[in-house]
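Novice: This is the structure I have questions about; it appears just below.
Throughout, read-outs are computed from the coordinates displayed, never taken from laboratory work. Just so we're clear, the structure is a prediction, and the values are computed from it rather than from any experiment. Virtual Cβ from ideal backbone geometry, glycine too; neighbours counted across all protein chains shown.
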Amino acid sequence: MKKLLALTTVETWVVWNANGVATTQIFQLDKSYGADGMVVNPGIAKITDLKGKTVAASAPGTSPYFALAWMLKKNGLSTKDVKVVNLEPQAAANAMIAGTAGVDAAMTYEPYLGAVRAKPEAGRIIATTLDYPMVMDTFGCTPRFLSENPKAARALADSYFQAVEMIQKEPKKSFEIMGADVKQSGEAFEASSRYLRWQDRAANAKFFAGEHAAFSKEAAELLMEAGIIKSLPDMGKLADTQFIR
């Protein structure tokens, strides 16, 4: 097996482990605070109105699809109650802006969600992760990598927490550095990242003390209901918290 290192959302680690890819999370990077959301056309007043309607979202197993399933479940529906057409976040947002016939709602995220915010006539943002907090990014790797490279794992975690400290102390410089990496100005990166909350060491300790396990359990049950996984993984092996201390 390759020495996998990855940054992805919490429920994705559940999917990987359920499908036989042994991986564990070692620290949390951020939480979405409105960066991911659902856009609807003017005829949709509430999420329950989506029953029988068409929703654009990425394919099953992705964060946008999971967000759709999560929001629907919290409103007494499931993905079986809607017709899902697979469009990636940028294309999904563009479909709403263009008023594409037959698309009643779309799942997208920043910076594409921002394009909809700028054109309210194109669609209404009916819900975001402020309403349904379920998009959280974590960093992890294979157990083999951890056992063979504990110092590297510690350095990765410590470097991230140092970066968070820099964001807090030198925001302008930090946004310029991060923006350059994704070909954005510092101002543009700051504007899109305002919908995220970077998680420092204290926030990590709190998250992994109970919230992570509770969310992972609920996410796993939803993934089973949606048919994305067939069985629950070993939930006790989804995180290794030694590197956040």
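Novice: Under 1.5 on a/c is rounded, so check that first for the chain, then, if it is not, pick prolate when a/b is larger than b/c and oblate when it is not; a ≥ b ≥ c are the square roots of the alpha carbon gyration tensor eigenvalues.
Specialist: It comes out oblate by the Cα gyration axes.
Novice: Given a Förster radius of 45 Å and the C-beta distance between ALA152 and LYS119 as r, what FRET efficiency does 1/(1 + (r/R0)^6) yield to the nearest 0.05? Spell out each step's value before the answer.
Specialist: Values: r = 45 Å, r/R0 = 1.00.
So the FRET efficiency works out to roughly 0.50.
Novice: List, in order, the whole-Hz ³J(HN,Hα) value for each residue of segment 79-84 obtained from phi through the Karplus relation with A = 6.51, B = -1.76, C = 1.60 and θ = phi - 60°; use x for Gly and Pro.
Specialist: With coefficients 6.51, -1.76 and 1.60, one gets 5, 6, 8, 10, 9, 9 Hz.
Novice: Stretched out fully, how many nm does the piece from VAL21 to MET166 gain, at 0.36 nm a residue minus the Cα gap?
Specialist: Fully extending the segment from VAL21 to MET166 adds 48.8 nm.
Novice: Any idea how far apart MET235 and LYS217 come out in nm if each label point goes 7 Å out from Cα toward Cβ?
Specialist: About 0.4 nm, to one decimal.
Novice: Something else now. Report the residues of segment 9-33 in range of a label on LYS206: point 7 Å along Cα→C-beta, backbone N strictly under 16 Å from it.
Specialist: Only 28-33 pass the distance filter.
Novice: Same structure again: In segment 162-245, how many lysine pairs have Cα atoms under 22 Å apart, counting only pairs 8 or more places apart or on different chains? Could you put the intermediate results ahead of the total?
Specialist: On the way: LYS172/LYS183; LYS173/LYS183; LYS206/LYS217; LYS206/LYS237; LYS217/LYS230; LYS217/LYS237.
Eligible lysine pairs with Cα atoms under 22 Å apart amount to 6.
Novice: Sort 93-102, 109-118, 35-44 for me by packing, meaning the mean count of neighbouring Cβ atoms within 10 Å per residue, highest on top.
Specialist: 35-44, 109-118, 93-102
Novice: If each residue of separation counts as 0.36 nm, what is the full-extension length gain between ARG194 and ALA91 once their alpha-carbon separation is subtracted?
Specialist: So the chain would gain 34.8 nm between ARG194 and ALA91.
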